[in-house]
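*Asks:* Below: one structure in structure tokens.
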Amino acid sequence: SPPMRARINRKLYEIYGMDIESHNDEESIAKRETSMWLGCFINEDSKEDDEDSYFYTMDEFLERCEKIVSKKRKTAEDSRPCKHLAVFIYNLSFEWSFLLPILLEKGFQFKADIDKDDEYVYNSISTKSVYSVWQVHIKFKKNSGTLLLRDLAKLYGGGLGNVAKAFNLPTQKGEIDYRLNRLHNHVITQEEKSYCFKDTRIIIDILLEEIK
């Protein structure tokens, strides 16, 4: 079956989920700094034991998104590839705090209204009541599609684990040692990947419920 797609504001988007794990140990807390150590970026067909389901830096995440929104037709007979990508994230503000500095470093400019000929621009929408980004648009090259990041927590609050329980989803939240120090040559285990995959798969499961 073709991967999950949905129309958002009249555009057809390929649908993905994304989640990251960040350092949360005593050393990181004392230094008041944290960074990601594992990310998961998947669509409906992605598999837990496939290395392609994971990424390790926000640079890598952006590169993979750019590749998806830059797809070209191989031959004239090919159907037009879906060039727009929507990535759903639970608590987007958190991921955005890691992603925005990378975009700025790469020279992206803020632009409130993005046109189809714009290059290397982004915009973000926050809720008025509390500084919480719930949607981000990113445009890479002139001829690439739109990358849309959307916060699923805005629709379903209460935490990912609770949402999975309430919906009785096929995927339920796993467990991980949050406080473990993974700063120094930590080798990521299959259990840790599995934990991150489950969190991201819950996002996909919620979206599949929505689209039904």
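The values are calculated or read from the model by the stated rules, or taken from the named source; none is laboratory data. Just so you know, these numbers come straight off a predicted model, no measurement behind them. FYI the Cβ positions are ideal-geometry reconstructions off the backbone, even for glycines, and counts take in every protein chain you see. Please note that ligands, DNA and RNA were not included when accessible areas were found on the heavy atoms of the full protein model with its side chains. Shrake-Rupley method; radii C 1.70, N 1.55, O 1.52, S 1.80 Å.
*Asks:* For region 36-82, name all the residues that are more than 22 Å from Leu207 (Cα to Cα) and over 16 Å from the mean Cα position of the chain (by Cα).
*Replies:* Listed by number, the residues that qualify are Glu51, Ser70, Lys71, Lys72, Arg73, Lys74, Thr75, Ala76, Glu77, Asp78, Ser79, Arg80.
*Asks:* Now for a separate question. So Leu208 clears everything in (1) under 18 Å from Ile8 (Cα atoms); (2) open to solvent by 30 Å² or more (accessible area, probe 1.4 Å); (3) not in a helix (DSSP H, G or I) except one condition, right? Which one?
*Replies:* (3)
*Asks:* Follow-up question, since we're still on this one. Take the residues of region 133-153 that are touching a residue at least 60 places away in the same chain (Cβ under 8 Å) and basic (Lys, Arg): which is farthest from Tyr122 (Cα to Cα)?
*Replies:* Arg150
*Asks:* While we're on this one: Restricting to region 145-157, give me the number of residues that are more than 14 Å from Ile89 (Cα to Cα) and open to solvent by 10 Å² or more (accessible area, probe 1.4 Å).
*Replies:* 1
*Asks:* A further question on this structure: Could you tell me whether Ile202 is among the hydrophobic types (A, V, I, L, M, F, W, C), closer than 23 Å to Lys71 by Cβ and either assigned to a helix (DSSP H, G or I) or more than 18 Å from the chain's Cα centre (by Cα) (or both)?
*Replies:* no
*Asks:* Give just the number: which of (1) in contact with a Phe, Trp or Tyr (Cβ under 9 Å, 6 or more places away or on another chain); (2) at pLDDT below 95 does Lys142 not satisfy?
*Replies:* (1)
*Asks:* Do we find that Leu180 is surrounded by 13 or more Cβ atoms within 10 Å (Cβ to Cβ) and not small (Gly, Ala, Ser) in this structure?
*Replies:* So Leu180 does not fit the description; no.
*Asks:* Using the structure shown, decide if Gly174 is surrounded by 13 or more Cβ atoms within 10 Å (Cβ to Cβ), modelled with pLDDT under 90 and at negative phi.
*Replies:* Answer is yes for this residue.
*Asks:* Please go through region 167-177 and give me each residue that is of a type outside the set (Phe, Trp, Tyr) and under 27 Å from Glu14 (Cβ atoms), ordered by number.
*Replies:* Once the filter is applied, which keeps residues that are of a type outside the set (Phe, Trp, Tyr) and under 27 Å from Glu14 (Cβ atoms), region 167-177 yields Asn168, Leu169, Pro170, Thr171, Gln172, Lys173, Gly174.
*Asks:* Condition first: of a type in the set (Phe, Trp, Tyr), within 29 Å of Ile211 (Cα to Cα) and in contact with a helix residue (DSSP H, G or I) (Cβ under 9 Å, 6 or more places away or on another chain). Can you find one or more residues in region 17-40 that meet it?
*Replies:* no
*Asks:* Still on this structure, please answer the following. If I filter region 178-197 for residues that are touching a helix residue (DSSP H, G or I) at 6+ places or on another chain (Cβ under 8 Å), in contact (Cβ under 8 Å) with a residue 12 or more places away in the chain, under 29 Å from Glu14 (Cβ atoms) and of a type in the set (Val, Ile, Thr), do I get at least one hit?
*Replies:* Checking region 178-197: not a single residue is touching a helix residue (DSSP H, G or I) at 6+ places or on another chain (Cβ under 8 Å), in contact (Cβ under 8 Å) with a residue 12 or more places away in the chain, under 29 Å from Glu14 (Cβ atoms) and of a type in the set (Val, Ile, Thr).
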